[in-house]
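Accompanying notes for the structure given below.
The values are calculated or read from the model by the stated rules, or taken from the named source; none is laboratory data. Just so you know, these numbers come straight off a predicted model, no measurement behind them. Virtual Cβ from ideal backbone geometry, glycine too; neighbours counted across all protein chains shown. Please note that ligands, DNA and RNA were not included when accessible areas were found on the heavy atoms of the full protein model with its side chains. Shrake-Rupley method; radii C 1.70, N 1.55, O 1.52, S 1.80 Å.
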Amino acid sequence: MSQNEARYTVRSLIVTALVAIVGTVLALEVSGRIDHSDNKDHVPVGDFQAIHVTPDEPFRMSPKASELHAACENGYLAVAADVDPSFRGILVDYKNRGVRCARPSPTAPAVPENAGEPADDE
């Protein structure tokens, strides 16, 4: 190799990589390819899984507690954050149906569809 050959330092390669990443993110942001939702009403609170528990088989679960708690809201199970109890959401299944807190009584009146919505005062 000759002495006139160009050599790149590690610092220049790192700087070039960072500039390329920042430039890519800025180009995507300016072109509108990155979607920022302003509607916080339909943002998922979390992703949950059900663990099938049988009496004869032990199940594995992390010993560390999550930062969420459950509460019953109008007959449906709601999950709320411990740090901000006002941030909560109703737990739904894969078809967007609410998960009930308790099994309904066959003689009890049905829960109206708009039970969680405020009443219209006209």
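Name the residue that is farthest from the chain's Cα centre (by Cα), counting only residues in the range 29-69 that are at pLDDT 80 or above and open to solvent by less than 70 Å² (accessible area, probe 1.4 Å).
The qualifying residue farthest from the chain's Cα centre (by Cα) is THR54.
I'd like the residue in the range 90-107 that is modelled with pLDDT under 85 and either of a type in the set (Phe, Trp, Tyr) or touching a Gly at 6+ places or on another chain (Cβ under 9 Å) (or both) and, out of all such residues, is most open to solvent (accessible area, probe 1.4 Å).
TYR94
Would you mind telling me which numbered condition in (1) without any contact (Cβ under 8 Å) to a residue 40 or more places away in the chain; (2) open to solvent by 80 Å² or more (accessible area, probe 1.4 Å) ALA80 fails?
(2)
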